[in-house]
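So the structure is just underneath, and the comments pick up after that.
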Amino acid sequence: RRGALRAVVALPAAAARPDDPPPHLWVLRRPGGPEGAPAPPPRLLLVDAGARRRAGEERRTPPREEPYRTVLDTWRAFERRGDVPGEPGVSACAAVIGLLDERVDVSPARHVPAAGRAAAPG
């Protein structure tokens, strides 16, 4: 609730052994803002790194590196602004308090809208 969990990234299935489920990377950071400054309400970045290439996008990155480039680019934008607009099939950003209900599930598959659908406001 105080913002220690900053992002959850669903890595591609190829990042795991063949019989294991795809791994998730959790990015943690000490909660709170700079000394004396109030911390902004925590937001959580959710990324599905196994998402397919977006239609019409040029191939600038080799296919095996593409998911990781997507994660890095999305994370950098999130770090700069503290929020990013969601991209269907790839990412979403939500208020942490909105994710804490009776079924706490921060897996990107549950919160990143499918490609072709608009992101729900977080």
Using each residue's phi in region 19-27, evaluate 6.51 cos²θ - 1.76 cosθ + 1.60 at θ = phi - 60° and report the 3J(HN,Hα) Karplus result to the nearest Hz, with x for Gly and Pro. 8, 9, x, x, x, 10, 9, 9, 9
Could you give me the ³J(HN,Hα) list for region 72-89, computed from phi with Karplus coefficients 6.51, -1.76, 1.60 and θ = phi - 60°, whole Hz, x at Gly and Pro? 5, 4, 5, 4, 4, 5, 5, 4, 5, 9, x, 6, 9, x, x, 10, x, x
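Here, each number is a calculation from the coordinates, and none is a lab measurement. What you see is a predicted model, and the numbers here were worked out from it, not measured in a lab.
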